[in-house]
Amino acid sequence: MSSPSTTNELDIASASGAYRPGACNIGPAEIARRRRSGWIGLGLAVAWAGLTVLAAAEPLVRFAVVVPLAGALVGFLQARRRFCAAYGFLGLRNFGPLGGADRVVDEEARRRDRIAALRLVGEAVLLALPPSLVLALLPIGRA
């Protein structure tokens, strides 16, 4: 097998048995981490929504739930797709233990990973917008 500095897309795919540019760049340990981050982000979003409703906060403050909600959705989408957006942007992959990422050297593979990362983050934000707008537009007045 060739060294990481000279591997191309096909070498990477066959070496890991799982890497697919733009489609899959993380293994079980990283997937579990992304799923946990999704649950944490969802908990933060629910807490933010509840607190802002209880406090009868201004619509813009309530709309800020979009940040933790989008973060939660990024985590869940990454786990489901077996694709880490940050690794995609950075040209990395990891199918081993946490913290053991390898560089993706092939430029076309890195380009496909960056596009997939942008799409994943964009989808998460688009999915987070409607519930955030609903929360912001709820007729909540101060007592």
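FYI, it's all coordinate maths here, none of it is from the lab. All values reported here derive from a predicted model rather than from experimental measurement. As a convention, Cβ positions derive from the backbone with ideal geometry for all residues, glycine included, and neighbour counts pool all protein chains shown.
Summary table
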| read-out | value |
| --- | --- |
| Residue in segment 109-129 that is β-branched (Val, Ile, Thr) and under 19 Å from Phe63 (Cβ atoms) present | yes |
| Residue in segment 68-86 that is hydrophobic (A, V, I, L, M, F, W, C) and over 19 Å from the mean Cα position of the chain (by Cα) present | no |
| Residues of segment 107-124 satisfying the condition of being surrounded by 17 or more Cβ atoms within 10 Å (Cβ to Cβ) and either in contact with a strand residue (DSSP E or B) (Cβ under 6 Å, 6 or more places away or on another chain) or of a type in the set (A, V, I, L, M, F, W, C) (or both) | Ala109, Ala116, Ala117, Leu120, Val121, Ala124 |
| Those residues of segment 57-110 which are of a type in the set (Gly, Ala, Ser), over 15 Å from Ala18 (Cβ atoms) and not in a helix (DSSP H, G or I), in sequence order | Ala57, Ala64, Gly91, Gly99 |
| In segment 115-143, residue farthest from Leu73 (Cα to Cα) [restricted to those that are part of a helix (DSSP H, G or I), out of contact with any Gly (no Cβ under 6 Å at 6 or more places or on another chain) and without any contact (Cβ under 8 Å) to a residue 40 or more places away in the chain] | Val134 |
| Options Val66, Val121, Val105, Val61: the member that is closer than 17 Å to Ile26 by Cα and in contact with a Ser or Thr (Cβ under 6 Å, 6 or more places away or on another chain) | Val105 |
| Flag for Arg35 being surrounded by fewer than 18 Cβ atoms within 10 Å (Cβ to Cβ), within 17 Å of the chain's Cα centre (by Cα) and free of Cβ contacts under 8 Å to residues at least 12 places away in the same chain | no |
| Residues of segment 46-70 satisfying the condition of being small (Gly, Ala, Ser), under 13 Å from Ile140 (Cβ atoms) and surrounded by 15 or more Cβ atoms within 10 Å (Cβ to Cβ) | Ala49, Ala57 |
| Pair list, Cβ < 8 Å and 6+ apart or interchain, from segment 49-62 residues that are of a type in the set (Lys, Arg) to residues that are assigned to a loop (DSSP other than H, G, I, E, B) | Arg62/Leu138; Arg62/Ile140 |
